[in-house]
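Derivation of every value follows stated rules applied to the coordinates shown; laboratory data play no part. As the structure is a prediction and not an experimental result, all values here were calculated from the model. FYI the Cβ positions are ideal-geometry reconstructions off the backbone, even for glycines, and counts take in every protein chain you see.
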Amino acid sequence: MDQLSETARKISSMEIRGAGKIGRAAAEALRDFALNLRVQSLEEFDSGMQMAADVLLKTRPTAVSLFNAVKIVVTHRAKDLESAREEVISNANRFIEDSAKAVEKIGEIGCRRIKAGDTILTHCNSMAALSIIGAAHRAGKDIRVIATESRPRLQGLLTIGMLDEMGIETELIVDSAVRSVMDEVDLVVVGADVITANGSLVNKIGTAQIALCANEARKSFVVAAETYKFSPRTILGELVPIEERSPSEVMPDPLKHRHVRIRNPAFDVTPHRYIDLICTEVGAIPPEMSFIIIKETLGFELDG
Ligand code: RI2
């Protein structure tokens, strides 16, 4: 339990962050928990796993990768304790492996949309988006990247570090400079925390403004998202909860003003009409096809 609580704490505090990484960390924590769970019956095993799942699910309410990873790992058809344990462990290992392969495949698929000499704008720090950018660079397309700072957590600084490691020409801008540089941009490539059944995107705060700018300037807006970033529950009519984080992330010192409070929504919603393409590991799709992706790859949740 200690290890599981430690993973939950790290996800909550964003020491472990990025939707894909959160899913993989949850799968790893559940695998290790299952391995060490000392129980006598299948029922006790299932309720122990459910308790562990609940601890993880409480950490970040928006990222559906967490929910999908947990569901994929704990779902088993075994009829006895040891087979259930084995199945859960192999589910977790498969999820971790598939997730890494998916990110690579997205790079292969998405980089075909990038032309030699393109300038790409990206926001926050997405491994899936960086996979596309990295694949384009390795294909010798001579690209340039403009990365936003991504207040308040400044994940843009992680992005510029990774781009620099790859040897890609990069410029860092403050979030409010997006419109000023948009005329120089050929396409925007961002990651995803959630894709809904109607193809809308929930991603790091600021993404929706960037999509509006791109639309107004007639620039392509591309999303990089593994299929486990799609939300099955949105087919059932559920809205995606938007995580509001601590005001101290925006301003470390408490405000002296009595009538002012700081708000810190971590994500926003980009309507599907501003999205040109979603690159997944099973293909590049228009947002309108999201419903089909959910039905075909995540149908497990539709029974309740
Ligand atoms: P990958 C991040 O959320 C960003 O919003 C990013 O676009 C998204 O996860 C996907 O990241 P946070 O954990 O899975 O920083 O593509 O809040 O790495």
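Lys/Arg Cβ at +1, Asp/Glu Cβ at -1, dipole of the range 217-274 taken about the Cα centre: which of P241, P271, S231 is farthest positive-ward?
Farthest along the dipole direction, towards plus: P271.
Going by alpha carbons, how many degrees (0 to 90, nearest 10) lie between the helix axis of 81-110 and the longest principal axis of the chain?
The angle comes out near 10 degrees.
To the nearest 0.05, how large is the calculated FRET efficiency for E216 and E288 if R₀ is 22 Å and r is the Cβ-Cβ distance?
On the way: r = 22 Å, r/R0 = 0.98.
For E216 and E288, the calculated efficiency is 0.55.
What distance in nm separates the simple spin-label points at D54 and M251, each placed 7 Å from Cα in the Cβ direction?
Here the modelled spin labels are 3.8 nm apart.
Using 7 Å Cα-to-Cβ label points, what is the V39/H259 separation (nm, one decimal)?
Output for this residue pair reads 5.5 nm.
How much length would be gained if the chain were fully extended between D32 and T119, taking 0.36 nm per residue of separation minus their Cα-Cα distance, in nm to one decimal?
So the extension gain works out to 27.0 nm.
Mind checking the full-extension length gain between V181 and S5? Use 0.36 nm per residue of separation minus the Cα-Cα distance, one decimal, nm. Let's see the in-between values first.
Working: separation 176, 0.36 × 176 = 63.36 nm, distance 4.31 nm.
Computed gain between V181 and S5 is 59.0 nm.
Calculated FRET efficiency, E171 and E82, Cβ-Cβ r, R0 51 Å, to nearest 0.05? Show your work: numbers first, answer last.
Numbers: r = 55 Å, r/R0 = 1.09.
Once rounded, the FRET efficiency stands at 0.40.
Taking each pair of different alpha-carbon atoms in the chain once, compute 1/r for the pair, average those values, and report the inverse of that mean as the Kirkwood hydrodynamic radius in Å to one decimal. All intermediate terms of the calculation are to be shown ahead of the outcome.
On the way: mean 1/r = 0.0499 Å⁻¹.
Evaluated on the chain, it is 20.0 Å.
Would you report the distance distribution of C-alpha pairs in the range 225-273 as whole percents per 5 angstrom bin, up to the bin with the largest distance?
The distribution over the range 225-273 is 5, 15, 16, 20, 12, 11, 10, 8, 4, 0, given as percents.
Run through every distinct alpha carbon pair of the range 66-166 and return the Kirkwood hydrodynamic radius in angstroms, one decimal place. Before the final figure, lay out each step's value.
Working: mean 1/r = 0.0635 Å⁻¹.
Evaluated on the range 66-166, it is 15.8 Å.
Could you please state, rounded to a whole Å, how far the C-alpha centre of the range 137-201 is from the C-alpha centre of the range 1-68?
30
Rounded to the nearest 5, what is the percent of antiparallel bridges among the DSSP beta bridges in the range 172-278? Before the final figure, lay out each step's value.
On the way: 7 of 14 bridges.
Antiparallel: roughly 50 percent of the beta bridges in the range 172-278.
Assuming a ≥ b ≥ c are the square roots of the Cα gyration tensor eigenvalues, decide whether the range 105-145 counts as rounded (a/c under 1.5), prolate (otherwise, with a/b larger than b/c) or oblate.
Details: a/c = 1.99, a/b = 1.17, b/c = 1.70.
Verdict is oblate for the range 105-145.
Taking a ≥ b ≥ c as the square roots of the Cα gyration tensor eigenvalues, with a/c under 1.5 meaning rounded and otherwise prolate when a/b beats b/c, else oblate, which class fits the range 98-229? Could the numbers behind the result be given before it?
Values: a/c = 1.29, a/b = 1.04, b/c = 1.24.
In terms of gyration-tensor shape, rounded.
Got a sec? Charge dipole of the range 65-222, +1 on Cβ for Lys and Arg, -1 for Asp and Glu; which of G191, F67, G161 is way out at the positive end?
F67
Is the shape of the range 161-201 rounded, prolate or oblate, going by the alpha carbon gyration tensor and its root eigenvalues a ≥ b ≥ c, with a/c under 1.5 for rounded and a/b larger than b/c for prolate? Don't jump to the answer; show the numbers that get you there.
Numbers: a/c = 2.45, a/b = 1.47, b/c = 1.67.
Since a/c reaches 1.5 but b/c is at least a/b, the shape of the range 161-201 is classed as oblate.
Sequence gap at least 6, Cα distance under 8 Å: using those rules, report the relative contact order of the chain to the nearest whole percent. Before the final figure, lay out each step's value.
Working: 567 pairs, mean separation 51.4, N = 304.
This gives 17 percent for the chain.
Within straight cross-link reach of K79, meaning Cα distance under 21 Å, which lysines are found once same-chain residues fewer than 8 apart are removed?
Excluding near neighbours in sequence, the set is K71.
Restricting to Cα pairs below 8 Å that are 6+ residues apart, what does the relative contact order work out to for the range 60-136? Please round to a whole percent.
Values: 47 pairs, mean separation 20.2, N = 77.
Value for the range 60-136: 26 percent.
What do you get for Rg/Rh over the range 179-304 if you use C-alpha atoms and the Kirkwood form of Rh?
That ratio equals 1.06.
What does DSSP give for the chain in terms of the percent of beta bridges that are antiparallel, rounded to the nearest 5? Please list the in-between numbers first.
Working: 10 of 29 bridges.
Antiparallel bridges make up about 35 percent of those DSSP assigns within the chain.
Using a cut-off of 12 Å between beta-carbons, work out the net charge of the residues near T119 (Lys and Arg +1, Asp and Glu -1, T119 not included).
Details: positive: K115, K141, R144, K219; negative: D118, D142, E169, E171, D183, E184, D186.
Local charge sum for T119: -3.
Could you work out how far apart the two model spin labels at N198 and K295 are, taking each label as a point 7 Å from the Cα in the direction of the beta carbon, and quote it in nm?
Result for the modelled spin labels: 1.8 nm.
Quick one: net charge around L157, please, counting Lys, Arg +1 and Asp, Glu -1 for every other residue with C-beta under 12 Å from its C-beta. Numbers along the way, then the final one.
Details: positive: R151, R153; negative: E149, D164.
For residues surrounding L157, the net value is 0.
Between T75 and R138, what's the calculated FRET efficiency when r is the beta-carbon distance and R0 is 51 Å? Round to 0.05. Working shown, then result.
Values: r = 37 Å, r/R0 = 0.72.
Once rounded, the FRET efficiency stands at 0.90.
How much length is gained if the chain between E104 and K21 is pulled fully straight, taking 0.36 nm per residue apart and subtracting their Cα-Cα distance, in nm to one decimal?
Details: separation 83, 0.36 × 83 = 29.88 nm, distance 1.38 nm.
Gain on extension, E104 to K21, equals 28.5 nm.
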